[in-house]
Amino acid sequence: MSKDATKEEVNLALNKTATASGQTAASEAPEKAVDGIVNTKWCTTNSGGQWMQIDLGKISTLTEIVINHAEMGGEGSSLNTAAYHVEVSEDGQNYKEVLRVEKNTTGLTEDPIAVIHGRYVKLWIDEPTQGGDNAARIYEVEVKDLEEAVEIPPVYDPSKEVSTEALESTLELAKKADTEGALESVKARFEAAVEEAEALLVKVESGDEEVTQEMVDAANQELQDAMKGLKIKQGDKAELNKVIAEAEKLNKSDYEEKEFAEMQKALKEAKEMAANGDATQEMVDASVKSLQKAIGKLVPVKNNGAGDQNSQTKPEKEDPQGDSQKEPVKTGNQTATTGSLLGLMFAAILVVVAKFRKEKNM
């Protein structure tokens, strides 16, 4: 048993300041309900919200609310409060409901509440009597427990217990994960997820109550998703770098301006792809094809000067005496003429032979 438990339980509301939503007369003011005299009362006939508040003067530890209703003051039991609830606040601004009673018929109610710290205790009258009388009648209100605030031990709540078993298991798998060649953004996400998971486990082990099961589950899911992303690897850029090197050797003055400008654009994009840590094989292959296509479309510049080997004429042959002679060029007309003469000569021979044979036979 703690030393706090041995302190005397007191009525914290006795002779404290009381206010209310209204009163029927000065003789039935709210302070009459905290004066320790059972045959004096607070009474109000105000319609709507009927309430009475007690200022305990300082924050104290509260455990029980005791109320003397109409019957305790000598009135009929039909005038006992039928329904009410109680709120507690430390600052008079933020309240928490600690008690709600419905269908009450007795003249004396003694209601234990969960241990709480508070200075302001507010009693709300929800149903003032058992019948149609709308007058609230409270003869005495007692707020019980220690006059000074003591440390309240936390109440064990199984629903708030945090399980880290799944997260710990995922972290073990993460230690074996292969990050070699993974996309840079995915690798960064994975490393951040590992760091967050480890930090949460440290907080749980230290008893940090701010860590919830939802936070642990979310960290576990994020780590699992990040690990799946590690399967996507960066593309092999060897071929891309080779084509880039070939393109960089090309001389701008050797090609038509428009096509060379297009090739330079493709070259710039290829270099950006080579430096991209998130480039997949599909992306790299597409960049290679794009640059190769641009190189293939280059048009050499035409040179009409004397130095153009394609435009040089075939050199003339020199005779033994050193004179230049041009080779005779056979044309198609000459060939046709020669063929015609030979044909005429052959026909003439045939005529002579035929004539000779005829004369011999005669």
> Filtering segment 270-286 down to residues that are under 21 Å from LEU250 (Cα atoms) and under 30 Å from the mean Cα position of the chain (by Cα), which residue is surrounded by the fewest Cβ atoms within 10 Å (Cβ to Cβ)?
Replying inline: GLU272
>> Cβ-Cβ under 6 Å, sequence separation 6+ or interchain: first residue in segment 108-120 and more than 14 Å from ASP91 (Cα to Cα), partner of a type outside the set (Val, Ile, Thr) and not in a strand (DSSP E or B). Which pairs?
In response: LEU108/MET72
> Within segment 218-257, how many residues turn out to be more than 39 Å from the chain's Cα centre (by Cα) and either among the polar types (S, T, N, Q) or on the phi > 0 side of the Ramachandran plot (or both)?
Replying inline: 2
>> I'm trying to understand the selection: among the residues of segment 71-111, which are in contact with a Gly (Cβ under 7 Å, 6 or more places away or on another chain) and more than 17 Å from TRP124 (Cβ to Cβ)?
In response: GLU71, MET72, SER77, SER78, GLU90
> Which one of these does MET263 not meet: (1) out of contact with any strand residue (DSSP E or B) (no Cβ under 9 Å at 6 or more places or on another chain); (2) more than 30 Å from GLU168 (Cα to Cα); (3) without any contact (Cβ under 8 Å) to a residue 40 or more places away in the chain?
Replying inline: (1)
>> For the list (1) over 21 Å from ASP55 (Cα atoms); (2) at pLDDT 95 or above; (3) not aliphatic (A, V, I, L, M), I need the number of the one condition that LYS122 fails.
In response: (1)
> Can you tell which of LEU108, LEU79 is closer than 18 Å to LYS32 by Cβ, more than 46 Å from the chain's Cα centre (by Cα) and surrounded by fewer than 18 Cβ atoms within 10 Å (Cβ to Cβ)?
Replying inline: LEU108
>> For segment 22-44: of the residues being touching an Asp or Glu at 6+ places or on another chain (Cβ under 9 Å) and among the hydroxyl-bearing types (Ser, Thr, Tyr), which is nearest to ILE67 (Cα to Cα)?
In response: THR40
> Do the conditions hold for HIS69, that is, is it under 18 Å from GLU140 (Cα atoms), touching a residue at least 12 places away in the same chain (Cβ under 8 Å) and under 54 Å from the mean Cα position of the chain (by Cα)?
Replying inline: no
> Checking ALA266 against (1) surrounded by 14 or more Cβ atoms within 10 Å (Cβ to Cβ); (2) among the hydrophobic types (A, V, I, L, M, F, W, C); (3) at pLDDT below 95; (4) assigned to a helix (DSSP H, G or I), which test does it fail?
Replying inline: (3)
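Select, from GLU97, GLU71, the only residue that is surrounded by 14 or more Cβ atoms within 10 Å (Cβ to Cβ) and at pLDDT 95 or above. It would help to see each step written out before you state the result.
Numbers: GLU97 fails: surrounded by 14 or more Cβ atoms within 10 Å (Cβ to Cβ).
Within the list GLU97, GLU71, the selection yields GLU71.
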> Restricting segment 166-198 to residues that are without any contact (Cβ under 8 Å) to a residue 40 or more places away in the chain and not in a helix (DSSP H, G or I), which is surrounded by the fewest Cβ atoms within 10 Å (Cβ to Cβ)?
Replying inline: LYS176
> Would segment 156-171 turn up any residue that is in contact with a Phe, Trp or Tyr (Cβ under 8 Å, 6 or more places away or on another chain), modelled with pLDDT of 90 or more and aliphatic (A, V, I, L, M)?
Replying inline: no
> Out of (1) loosely packed, with under 15 Cβ neighbours inside 10 Å; (2) farther than 19 Å from VAL101 by Cβ, the odd one out for GLN23 is which?
Replying inline: (1)
> Within segment 199-233, which residues are assigned to a loop (DSSP other than H, G, I, E, B) and touching a Phe, Trp or Tyr at 6+ places or on another chain (Cβ under 7 Å)?
Replying inline: LEU230
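The values are calculated or read from the model by the stated rules, or taken from the named source; none is laboratory data. Predicted, not measured: the structure shown is a model, and the values here were computed from it. Virtual Cβ from ideal backbone geometry, glycine too; neighbours counted across all protein chains shown.
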